[in-house]
Amino acid sequence: MLSVSQLVTTAGQVPDFDLKPGCCLAVTGPSGTGKSLMLRAIADLDPAQGQISLDGRPCESFAAPDWRRDIRYLAAEAAFWEPTLGAHFSVPPTADDLAAVGLRPDRLDAPILQLSSGERQRGALLRAMEDAPRVLLLDEPTSSLDAASTALVEALLKAFLSSGGAIVLVTHDEDQAERLRTSRLRLHR
Ligand SMILES: Nc1ncnc2c1ncn2[C@@H]1O[C@H](COP(=O)(O)OP(=O)(O)OP(=O)(O)O)[C@@H](O)[C@H]1O
């Protein structure tokens, strides 16, 4: 489904990989080895050399919004530009959607600045999963979460994989990498 070949970011060369539907590539490695730059390059947010394709179709042949609709990037610190979480969705998430990540319905209408970092992180993940993307590029998606919320998010990600989605997961949590991954990539200095 997602194929990455000869990718070079400003941090260096990324090993080639192919990701099939239902598969999760866990990317680990010391700080500063280019994990985030790799995700940003795949999302076509930063210039990079190399070939990236989806279902055999090269990234360059997609209009940028179409590529980023299919290949959804969630930054380690997600940006918000509307006053409330709910305003970031084209269709507001249902109570069940919110419960899947442990968010109370009233969090949708609270000012962004009144959300905890964990609530913002879970809200940003729900937003990234809106409209059924094909691939999720996740940069430390549970870094602000307690164990219970992390378990909810991991269950949601497993359901996404079961439905045929694919994930590139950057994480410093080796146990999480082992729980979710179908393959591993370790970046070195
Ligand atoms: N836009 C940029 N231009 C040039 N260098 C950058 C840019 N963004 C990050 N870097 C540098 O590239 C290197 C890799 O950064 P990156 O954020 O990808 O690391 P990382 O592996 O994700 O680290 P961490 O685990 O701390 O999040 C770092 O040395 C960083 O300072």
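Close contacts from the stretch 66-78, counting a first residue that is among the hydroxyl-bearing types (S, T, Y) and a second that is not in a helix (DSSP H, G or I), with Cβ to Cβ under 8 Å and a gap of 6+ residues or different chains, come to Y73/A43; Y73/L45; Y73/L137; Y73/D139.
Candidates in the stretch 36-53 are the residues that are closer than 22 Å to F160 by Cα and within 10 Å of the ligand (Cβ to nearest atom); of these, the one that is nearest to the chain's Cα centre (by Cα) is L39.
Selection of helices (runs of 4 or more DSSP H) fully inside the stretch 90-189 by the criterion of at least 2 residues being within 16 Å of the ligand (Cβ to nearest atom) and in contact (Cβ under 8 Å) with a residue 60 or more places away in the chain returns 174-180.
If only residues of the stretch 98-108 that are surrounded by 15 or more Cβ atoms within 10 Å (Cβ to Cβ) and over 16 Å from P141 (Cβ atoms) are counted, the one that is nearest to the chain's Cα centre (by Cα) is L98.
Could you count how many residues in the stretch 109-133 are closer than 18 Å to V27 by Cβ and surrounded by fewer than 17 Cβ atoms within 10 Å (Cβ to Cβ)? Matching residues across the stretch 109-133 total 0. Taking (1) loosely packed, with under 12 Cβ neighbours inside 10 Å; (2) closer than 22 Å to L169 by Cα; (3) β-branched (V, I, T); (4) out of contact with any helix residue (DSSP H, G or I) (no Cβ under 9 Å at 6 or more places or on another chain) in turn, T10 satisfies each apart from (4). Contact map, the stretch 15-34: first residue touching a residue at least 40 places away in the same chain (Cβ under 8 Å) and within 13 Å of the ligand (Cβ to nearest atom), second residue of a type in the set (S, T, N, Q) and assigned to a loop (DSSP other than H, G, I, E, B), Cβ cut-off under 7 Å, separation 6 or more or different chains; pairs are T28/T171.
Screening A78 on (1) surrounded by fewer than 13 Cβ atoms within 10 Å (Cβ to Cβ); (2) over 17 Å from H172 (Cα atoms); (3) at pLDDT below 95 shows it passes everything except condition (1).
The values are calculated or read from the model by the stated rules, or taken from the named source; none is laboratory data. All of these numbers come straight from a predicted model, not from anything done at the bench. Virtual Cβ from ideal backbone geometry, glycine too; neighbours counted across all protein chains shown.
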